[in-house]
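Structure first, commentary second.
A short reminder: the numbers here are calculations on the coordinates, not readings from a lab. From a predicted model like this one, the values you see are computed outputs, not experimental measurements. Every residue, glycine among them, receives a Cβ derived from its backbone with ideal geometry; neighbour counts consider all protein chains shown.
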């Protein structure tokens with residue numbers, strides 16, 4: 001069994017895979033829970049992706065395993081064509097590998113809706129070209145409150161009206177419809193350059209956005225975990 005540890009900007013989570021099948025996932029895992037999981041299951045090998053918190057609290061649990069720590073030097077099942085690969089986020093690498101594994105003969109646009117929203121392009125022959133990074137949903141809401149004197153911190157609701165009738169509704173409309181417009185522009189522009197483009201959405205806010213975007217989207221919330229597992233298989 002493969003153990004995937006993904007340490008993100010907000011929390012750490014793990015996935016347990018048998019070959020390509022995700023058998024179990026634990027969100028917001030603690031070092032103690034990781035140690036208990038390793039003791040409970042027969043783990044053959046592991047991979048760690050770290051884009052946020054320190055790996056130190058988890059190190060003791062992993063010390064008995066054969067572990068790959070993802071970096072820009074790790075052999076990958078795709079080709080990275082990026083001017084500064086050493087700065088490329090591990091989550092973006094993993095998502096690109098996951099998308100190419102799911103759709104090996106199609107160009108893919110990966111939209112990762114997390115702390116940031118990232119847009120990444122992988123060609124049909126498995127070449128990662130790069131993409132774009134913008135603030136995520138919660139980051140936009142918090143920034144309006146942080147960098148102004150009078151705007152409140154609000155949360156989003158399922159149905160956001162276009163014309164806000166209050167300050168709260170106006171913030172909700174600006175943030176949500178601003179993100180949707182941004183997504184649709186990226187999808188349209190990349191669709192012009194790559195055909196037939198497969199749009200794959202992942203990340204914690206996938207469920208909020210997947211049915212609001214005016215485009216055909218394949219939702220794969222666990223794409224990063226699947227991509228990390230694919231990298232681990234590639235290095236077996």
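Peptides 156-162, 197-203, 214-220: what's the order by average Cβ count within 10 Å, highest mean first? Could you put the intermediate results ahead of the total?
Values: 156-162: 11.9, 197-203: 23.3, 214-220: 15.1.
Most protected by this proxy first, the peptides run 197-203, 214-220, 156-162.
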Please provide three numbers in whole Å: the alpha-carbon extents of the range 17-122 along the principal axes, with the largest listed first.
40, 27, 26
Return the whole-Å distance between the Cα centroid of the range 205-231 and the Cα centroid of the range 35-73.
24 Å
Acute angle (nearest 10 degrees) that the helix 223-234 long axis makes with the longest principal axis of the chain, alpha-carbon atoms:
30 degrees
Residue order, fewest to most beta carbons within 10 Å, for 66, 168
66, 168
Roughly how large, in nm² to one decimal, is the mean projection of the convex hull of the alpha-carbon atoms in the chain?
13.9 nm²
Rounded to the nearest 10 degrees, what's the angle between the helix 137-146 long axis and the longest principal axis of the chain, both from Cα atoms, 0 to 90?
60 degrees
Highest first, please rank the peptides 43-50, 135-142 by the mean number of other Cβ atoms sitting within 10 Å of their residues.
43-50, 135-142
Acute angle (nearest 10 degrees) that the helix 90-102 long axis makes with the longest principal axis of the chain, alpha-carbon atoms
80 degrees
